[in-house]
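Following: one structure in structure tokens, then a few remarks.
The values are calculated or read from the model by the stated rules, or taken from the named source; none is laboratory data. Everything numeric in this text was worked out from a predicted model, so none of it was measured. Cβ placement follows ideal geometry from the backbone for every residue including glycine, while neighbour counts extend to all protein chains displayed.
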Amino acid sequence: MNEILDHEWDVIVIGAGLGGGICGRALAEAGLSVLFIEKGPASDDASSDGQDAAGDDPASREAAGCWPLQVEARVEGVITTSWGAQGVGVGGTSLFYAAAMEQPERHDMDVTAGMPHPIGGWPVGYDEFQPWYDRARSMMAVNGTPDPLSDNAVALAPPRPLAARDAALETALREAGLSPYRAHLGIRQIIGCTECIGHKCPMNCKMDGRSAGVVPALATGRAAVLDAANVIALEGGPRRVTGVRLRRHGAEHVLSARAYVMAAGAFGSPRLLMASKNDHWPHGCANSSGMVGRGLMFHVNERIAIWPPRDAPPSSPGPRKCFSIRDLYREEHLRFGILQSLGLPATYGNVLFALRQGYASSRFPKLRLMHELLRIPAFAAAHVLGEARVFAAIIEDLPDEANRVVFDPARPDTIIYEYTVSDELKDRRRRFRRLLKRRLRGLRSIWLNFSPELNVAHPCGTLRFSDDPARGVLDRDCRAHDVDNLYVADASFMPSSTGVNPGLTIVANALRVADALGARLKHE
């Protein structure tokens, strides 16, 4: 600790998840000294724990890499609490993610013919982002096959061969008029790889914030990690951050650097800025616009089980997160999103975890007996769906300033958010479901959810970038409009959610932010 306190750091990165890990790696490889500050513990390289095995004890959860406290959600005016999808520790939430590395489409960022953009386009558009997406795919060892509906052919490593049952399903999907392609995954092709979707990867084949970010950064000799450190606030003002105040093992410390990168996630980063109040920042750091925490977006998940033809071979080992489909990504002027293999098998444990999450976020009283009785439908569902392939559609969410992250000074570590599903999103969702079932005619399928289901693992937009300081917290380089040496490298920068998983965009933007920040520090 004394060595870390005495060191003169170029950059402090707050959060060692996907965005923070990748940004810190790029800065260290550019010759700068980098300190990662992480709330949770350093990850056990040999662990294969999943979030469903973390239990209810806060200390045990944090040791397993899971957020230790329940999330308070105020959705449609109803307050519920449940265990969230956020992670802590080196690698953060990405330790458990599905490694989907899909690129958004041009209309997600730019105004295009016949497709209005909800915010008039991103300040940095599709063509400017493209080289960063290319670098991100290379760094994350992305494999898959090209999207047949896209004119943007990209070089990818080949995926593992399909199991015979999945090959039969692919043929059936094509015969139904759809255009499946092998999903773009950030997973290195290592002998014995099981993809580790939903749990930690003990073989370092899944590229996450730890394996692709922090570990290579440490290998440069110019980076260090301070784990089990709870950041309390940023200090400084009016135009500069001068220090990070944190508590570790009961003692408070203040660490300083030339520049600071927020990467605590779309829930954590705005909460920390709102906690950083002083005479210079009466509404919190970087919050003169009042936009910190506002514009919270998720995706709406639509889960559907699709059966291969009846004469398809039985299940056999092979890749699980096999397909992506973009035939319904958009329909005329309506914005839908990608349909993809969920990756998690329809096992008893996974089904029970999903049912309990749904019950925890429902309006029904939280009865312990009901919590246990969910084992019965979980067993039945796993038995029925065992030979099915579960797909999830990711429907784009659009920004609404009333949807926001809330900071409670009395509960600074509790994730709290307010969210209302707009009538427009509800209508788009209904249209998508009708359209998808029509396109799947001739295939056996069944919906696995009936009400709008927020993908709480995909929060974004709470510190959005904008050329207008009154409409966003960050400029086009993801530097705070109000603070000269504060940058952001997580999903909170996104001004719209796009119709794909945010992983590749987070990595591409983290590389872009590191390039801009590194160039600036080298010339100061």
Selection count, the range 300-341, where residues are in contact with a Phe, Trp or Tyr (Cβ under 9 Å, 6 or more places away or on another chain) and either over 22 Å from His184 (Cβ atoms) or surrounded by fewer than 18 Cβ atoms within 10 Å (Cβ to Cβ) (or both): 4
Spans of strands (runs of 3 or more DSSP E) in the range 232-296 with at least 2 residues within 23 Å of Leu521 (Cα to Cα) and under 21 Å from the mean Cα position of the chain (by Cα): 257-262
Residues that are closer than 15 Å to Ala264 by Cα and not acidic (Asp, Glu), drawn from the range 407-424: Phe407, Pro412, Thr414, Ile415, Ile416
Contacts under 6 angstrom Cβ, first residue in the range 512-524 being in contact (Cβ under 8 Å) with a residue 12 or more places away in the chain, partner part of a helix (DSSP H, G or I), 6 or more apart: Arg512/Trp132; Val513/Cys23; Ala514/Cys23; Ala514/Ala26; Ala514/Leu27; Gly518/Leu27
Selected residue (only one of Ala410, Ala457, Ala508, Ala470 is assigned to a loop (DSSP other than H, G, I, E, B) and touching a helix residue (DSSP H, G or I) at 6+ places or on another chain (Cβ under 9 Å)): Ala457
Residue match in the range 88-106 (condition: surrounded by fewer than 20 Cβ atoms within 10 Å (Cβ to Cβ), modelled with pLDDT of 90 or more and either in a loop (DSSP other than H, G, I, E, B) or more than 17 Å from the chain's Cα centre (by Cα) (or both)): yes
From the options Thr112, Thr93, residue that is without any contact (Cβ under 8 Å) to a residue 24 or more places away in the chain, under 22 Å from Phe493 (Cβ atoms) and among the polar types (S, T, N, Q): Thr112
Residue in the range 312-324 that is touching a Lys or Arg at 6+ places or on another chain (Cβ under 7 Å) and hydroxyl-bearing (Ser, Thr, Tyr) present: yes
Residue check, Leu234 in contact with a Phe, Trp or Tyr (Cβ under 8 Å, 6 or more places away or on another chain) and within 23 Å of Thr414 (Cβ to Cβ): yes
Condition met for Met297 (surrounded by 17 or more Cβ atoms within 10 Å (Cβ to Cβ), in contact with a Cys (Cβ under 6 Å, 6 or more places away or on another chain) and in contact (Cβ under 8 Å) with a residue 40 or more places away in the chain): yes
Hey, Arg135 of a type in the set (Lys, Arg) and under 23 Å from Gln340 (Cα atoms) or not: no
Scope the range 453-507; condition among the aliphatic types (A, V, I, L, M) and within 30 Å of Ile304 (Cα to Cα); matching residues: Leu454, Val456, Ala457, Ala491, Met494, Val500, Leu504, Ile506, Val507
Subset of the range 47-102 [more than 23 Å from Ser211 (Cα to Cα) and among the hydrophobic types (A, V, I, L, M, F, W, C)]: Ala59, Leu69, Val71, Ala73, Val75, Val78, Ile79, Trp83
First in the range 216-234 and buried (at least 21 other Cβ atoms within 10 Å of the Cβ), second anywhere and in a helix (DSSP H, G or I) and of a type outside the set (A, V, I, L, M, F, W, C), Cβ under 8 Å, 6 or more apart: Ala217/Gly21; Ala217/Gly24; Ala217/Arg25; Ala217/Glu29; Ala223/Gly24; Ala223/Arg25
Condition met for Ile376 (over 22 Å from the mean Cα position of the chain (by Cα) and closer than 22 Å to Arg326 by Cα): no
Unmet criterion (only one of (1) in a helix (DSSP H, G or I); (2) among the aliphatic types (A, V, I, L, M); (3) within 23 Å of Asp515 (Cα to Cα)) for Val124: (1)
Filter pass, Pro161 being buried (at least 18 other Cβ atoms within 10 Å of the Cβ) and over 22 Å from the mean Cα position of the chain (by Cα): no
Residue within the range 439-460 that is among the aromatic types (Phe, Trp, Tyr), modelled with pLDDT under 95 and out of contact with any Ser or Thr (no Cβ under 8 Å at 6 or more places or on another chain) present: yes
Residues within the range 26-67 that are within 20 Å of the chain's Cα centre (by Cα), crowded, with 19+ Cβ neighbours inside 10 Å and not charged (D, E, K, R), tallied: 12
In the range 1-25, residue surrounded by the most Cβ atoms within 10 Å (Cβ to Cβ) [restricted to those that are modelled with pLDDT of 95 or more and part of a loop (DSSP other than H, G, I, E, B)]: Gly17
Hits in the range 398-447 - residues which are closer than 24 Å to Arg330 by Cβ, in contact (Cβ under 8 Å) with a residue 40 or more places away in the chain and among the acidic types (Asp, Glu): Asp400
